[in-house]
Amino acid sequence: MRRLVVEGAYVATVDRSSREFDGGHVVVDDSRIVAVGDGPAPAWAVEGRMPGGGSGSGSVSGSVSVERVDARGHLLTPGLINTHHHLYQWLTRGIAQDSILFDWLVALYPTWARIDEPLVEAGAAAALAVLARSGCTTVGDHHYVFPQGSGDILAGIVRAAGAVGVRLHATRGSMDLGSSQGGLPPDFAVETTDAALLASADAVERFHDPSADARVQIAIAPCSPFSVTSDLLREAAVLGRSLGVRLHTHGSETVEEDAFCLERFGRTPTQYLEDLGWLGDDVWMAHCVHLDDHAISRFAATGTGVAHCPSSNARLAAGIAPVPQLLRAGVPVGLGVDGSASNESGQLGSEIRQAVLLNRLRAGADGFSVRDGLGLATIGGARVLGRERDLGSIEVGKLADLALWRIDGVEFAGIADPVAALGLGALPPVARLWVGGETVVDGGALAGADEGLLAEAAARASRELAARV
Ligand code: ZN
């Protein structure tokens, strides 16, 4: 058995009681947390013995290898959970820099329609590397562009997550409403309804792991009300529920989307999506910027989750989501980077600060705290992805997905509160990142992949994609 003993850190557990220990310990046996508390680790932990008072306790086991980490000068948090991304967009950043969502999409669709499996794998690996180095251990990806003859794109994303070492909640997205039918994407970027449904079922069959320790799960994710037919939305929800997987889409991102739904369906996006079976505790929706009181009450009553993407919403001037109201109503809310083409930083850790700053513009200085931000990025994200039993907080029995932030550098000298250092200061370097007790980042660098090679491959793929247009 492999045991990890972390001592001396400021431990922000994000558990139900929001316990924090200044100089606490965490003990991990193989992939799960077996002890958390104040002060040094108990003697049994460091001596390689078993915990508890049962018959086996106290006996030295020769098969326990103990790694002790002196974490003084560090903040230990749960690994961060990214609830919304489009990893392939790593290849198309810095484009349409001054556009709102619809114009930005129209500018990018022709390039995105030329992606294929190797290009997406290269872009995803680079995006995942940056996510891991910013404290992220679980990544929700929403991929919805599947050009004909582009290979097995989802398999490329799954391989990239395996190479970097993070958990992946991949979604099989889709678009079937081309511009000739009144949709936003050009016809050459969309699939048929039947092809999208067949491929979604196939993705679940091939990649979805329903187990508590899962490294890869699949959700079904038609893209948005303005790029997907009502038939596909309705049938995708039925399919997802019959297969026991979650559902994901974009919703209420912009005023233009509101206008589209009102004009075409006579409904707000939330009313329209609810008509089609798209509210429920197995659904999470990205953005939800323009929710009225009725929509918030429907999200709360149905347990529908929200992926809050503050940088992307600011980049595209979409607006400020009503996150404090959603939290007060009991809606599960997680944090999302969103696609790298509308959030070029690609870091999840710095989205905590962005969420704090953006939400205060709407809710006031005391309307959204740094600990609210950390909560979105951890337990909130776990709830949104349906993994709160196993992820999102530092508690005995949960998976050891942990981020150890170095806060003894000059950037943080003068901030006494380590959580404020993370939520208001510069993004601290990640000293160690563990996924299921395995080291993914060590000393700020990926432990299992060569970042130089990932950077070269992503740059080459980006140039090749641009040359295809
Ligand atoms: Zn998105």
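General remarks:
- Flag if Arg371 is assigned to a helix (DSSP H, G or I), within 15 Å of Gly140 (Cα to Cα) and more than 16 Å from the ligand (Cβ to nearest atom): no
- Considering Val289, Val337, the condition of being in a loop (DSSP other than H, G, I, E, B), over 20 Å from Phe226 (Cα atoms) and open to solvent by less than 10 Å² (accessible area, probe 1.4 Å) is satisfied by Val337 alone.
- Output for the range 317-329, where each listed residue is open to solvent by 50 Å² or more (accessible area, probe 1.4 Å) and either farther than 16 Å from Ala363 by Cα or within 12 Å of the ligand (Cβ to nearest atom) (or both): Ala317
- Being more than 16 Å from the ligand (Cβ to nearest atom), at pLDDT 95 or above, touching a helix residue (DSSP H, G or I) at 6+ places or on another chain (Cβ under 7 Å) and in the same structural domain as Ile100 (by TED's automatic domain parsing) is a description that applies to Ile352.
- Listed here are the strands (runs of 3 or more DSSP E) enclosed by the range 61-158 that have at least 2 residues being farther than 22 Å from Ala214 by Cβ: 65-70, 74-78.
- Extreme residue, farthest from the chain's Cα centre (by Cα), among residues of the range 1-17 that are buried (at least 23 other Cβ atoms within 10 Å of the Cβ) and small (Gly, Ala, Ser): Ala9
- Checking the range 53-68 against the condition returns a match, with at least one residue being modelled with pLDDT under 95, surrounded by 15 or more Cβ atoms within 10 Å (Cβ to Cβ) and of a type outside the set (Lys, Arg).
- Qualifying residue in the range 73-89 (condition: open to solvent by 10 Å² or more (accessible area, probe 1.4 Å) and in the same structural domain as Thr439 (by TED's automatic domain parsing)): yes
- Within the range 230-252, if we keep just the residues that are in a loop (DSSP other than H, G, I, E, B) and touching a helix residue (DSSP H, G or I) at 6+ places or on another chain (Cβ under 6 Å), the residue that is farthest from the ligand (Cβ to nearest atom) turns out to be Val245.
- Within the option set Ala314, Ala307, being within 20 Å of the chain's Cα centre (by Cα) and either open to solvent by less than 30 Å² (accessible area, probe 1.4 Å) or polar (S, T, N, Q) (or both) holds for one residue only, Ala307.
- Asp141 vs. criteria acidic (Asp, Glu) and within 20 Å of Gln347 (Cα to Cα): yes
- Pairs where the first residue, in the range 338-366, is without any contact (Cβ under 8 Å) to a residue 24 or more places away in the chain and the second is within 16 Å of the ligand (Cβ to nearest atom), C-beta under 7 Å, 6+ apart: none
The values are calculated or read from the model by the stated rules, or taken from the named source; none is laboratory data. What you see is a predicted model; the values in this text were computed from it and never measured. Cβ: placed from backbone, ideal geometry, glycine included. Neighbour counts: every protein chain shown. Keep in mind that these areas ignore ligands, DNA and RNA; they rest on the heavy atoms of the full protein, side chains included. Shrake-Rupley method; radii C 1.70, N 1.55, O 1.52, S 1.80 Å.
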